[in-house]
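Student: One structure follows; several queries about it will come next.
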Amino acid sequence: MRKLLIPLLLILLSSCAVYTVGEGKANIHIPQVSGEPETRFRVISERREWERMSNEERAKAEELAEAERLEAEAEADRLKEEYLKATAVYEYPENLEELSLPHNYRPRREHLSLETEFTPLRLLFIPLENGAKLEKVASSVRDLETDFIFATGSIEQLVRLSEIMGRDSVLTEGGLVMYNTRLDEMDSTSSTFMINDEERIETVVLSTFSGLAGSEDEFLMNLSGIEDQGKILEGIPDDENTVIFAFSSAEPSGLDWIPFTAYPYRSERSFSGSTWFENNSYVDVYRATHYSAETDPGITRENGEIYERMDFIYVKNAIPLESETFSVAGMDNRAIYAEVLLP
């Protein structure tokens, strides 16, 4: 009896092992990951629901599913476009003849919010001249704490200075403004920035400067032939918000030309540029923060016998606090530093 049971037991164990490894493994079902539990009950229910629907209901369901798919694709494209726009640098073209203005160069893409209730805006104006050594200029002013830097000069100079400084910049037809807050709008003559969530300012940079004569007689003769600056300035936007205007002029300021100065060729007279700014409620920041042209002339350019302030920061709807002209390495002209408080 014991001899019969042993072979029978071996046969049974062998058949169980074959079923467990072979048949059992073949019947293992791994559900596909679809975001929902994969159950036969759900599959059967969906099939029955689909079979129950009329052709019209099926068409509507397919149409709704396609609309949702297209909407999801459109939203994905929109988010991608916003991301690319937010991270774009907008490099200057190698061939500057292909450059269209205004141009927004954004190597940093900074969006600082500036506190202005008790803190002034810090402004720097760099009027470049031919032959300025831009690397030295940039090195000389890079460590100054400024909120906005303005510059006038040739397109080639302004593009190169912008690249060397590596700050977010707007290049317009009149000049360059470097900033660290959020750009709101720009056009060919001006750019507007959001200082914080509530305040915005408009900036304008313009140059009509064409050179400075070296003798008194030549200088006075050239002044008589200067084009009316007021007509040139008439096209500048007259914004009700705060406006900061950096201007390299072809003529001095009428506020500087008083009889009691160290320059004998000066006499009391008006100039169309400074008259236009006065008539349009702009304030000459340097002159407003210094006693007089006699004691504080604020010279920015000189040539031979001629020493004149030909570069200005004007503001509207802002309070001038202080300003200075100072020498910058790499250029003969003097730059202007100013602080203004927003009311």
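Student: Taking into account only those residues within the range 44-86 that are among the basic types (Lys, Arg) and at pLDDT below 80, which is surrounded by the most Cβ atoms within 10 Å (Cβ to Cβ)?
Tutor: Arg58
Student: Of everything in the range 166-198, what is over 18 Å from Thr146 (Cβ atoms), touching a residue at least 40 places away in the same chain (Cβ under 8 Å) and of a type in the set (D, E, K, R)? Give them in sequence order.
Tutor: Of everything in the range 166-198, those that are over 18 Å from Thr146 (Cβ atoms), touching a residue at least 40 places away in the same chain (Cβ under 8 Å) and of a type in the set (D, E, K, R) turn out to be Glu173, Asp187, Asp197.
Student: Is at least one residue of the range 314-325 at pLDDT 95 or above, touching a helix residue (DSSP H, G or I) at 6+ places or on another chain (Cβ under 8 Å), of a type in the set (Gly, Ala, Ser) and not in a helix (DSSP H, G or I)?
Tutor: yes
Student: I've got another one for you. Kindly indicate which of Ser249, Ser253, Ser190, Ser215 is of a type outside the set (Asp, Glu), in contact with an Asp or Glu (Cβ under 6 Å, 6 or more places away or on another chain) and surrounded by 22 or more Cβ atoms within 10 Å (Cβ to Cβ).
Tutor: The conditions single out Ser190.
Student: Considering Asp296, Asp238, which residue is farther than 25 Å from Tyr179 by Cα, out of contact with any helix residue (DSSP H, G or I) (no Cβ under 7 Å at 6 or more places or on another chain) and modelled with pLDDT under 95?
Tutor: Testing whether each residue is farther than 25 Å from Tyr179 by Cα, out of contact with any helix residue (DSSP H, G or I) (no Cβ under 7 Å at 6 or more places or on another chain) and modelled with pLDDT under 95 leaves just Asp296.
Student: Does the range 269-282 contain at least one residue that is hydrophobic (A, V, I, L, M, F, W, C) and within 27 Å of Thr116 (Cβ to Cβ)? Quick ask: steps written out before the conclusion?
Tutor: In the first step, residues of the range 269-282 are kept if they are hydrophobic (A, V, I, L, M, F, W, C); the result is 271, 276-277.
Within this subset, residues satisfying the condition of being within 27 Å of Thr116 (Cβ to Cβ) are 277.
Yes, the range 269-282 has at least one match.
Student: Here's a follow-up. Answer yes or no as to whether Val315 is surrounded by 21 or more Cβ atoms within 10 Å (Cβ to Cβ), under 23 Å from Phe150 (Cα atoms) and either in contact with a Pro (Cβ under 9 Å, 6 or more places away or on another chain) or free of Cβ contacts under 8 Å to residues at least 40 places away in the same chain (or both).
Tutor: Taking the combined requirement at face value, the residue does not satisfy it.
Student: Only residues that are surrounded by fewer than 16 Cβ atoms within 10 Å (Cβ to Cβ) and either within 20 Å of Met186 (Cβ to Cβ) or of a type in the set (A, V, I, L, M, F, W, C) (or both): list them for the range 256-279, please.
Tutor: If the condition is that a residue be surrounded by fewer than 16 Cβ atoms within 10 Å (Cβ to Cβ) and either within 20 Å of Met186 (Cβ to Cβ) or of a type in the set (A, V, I, L, M, F, W, C) (or both), then Ile258, Phe260, Ala262 are the ones that fit.
Student: In addition: In contact with a Leu (Cβ under 7 Å, 6 or more places away or on another chain), over 29 Å from Phe209 (Cβ atoms) and not aromatic (Phe, Trp, Tyr) - does that describe any residue in the range 116-136?
Tutor: Yes.
Student: Then there is this: State yes or no: is Val328 buried (at least 20 other Cβ atoms within 10 Å of the Cβ) and under 28 Å from Glu199 (Cβ atoms)?
Tutor: Working: buried (at least 20 other Cβ atoms within 10 Å of the Cβ): yes; under 28 Å from Glu199 (Cβ atoms): no.
Judged against the criteria, Val328 is not a match.
The values are calculated or read from the model by the stated rules, or taken from the named source; none is laboratory data. Remember, it's a predicted structure, so these values are computed and weren't measured experimentally. Methodologically, a virtual Cβ is constructed for each residue, glycine included, from the backbone with ideal geometry; neighbour enumeration extends over all protein chains shown.
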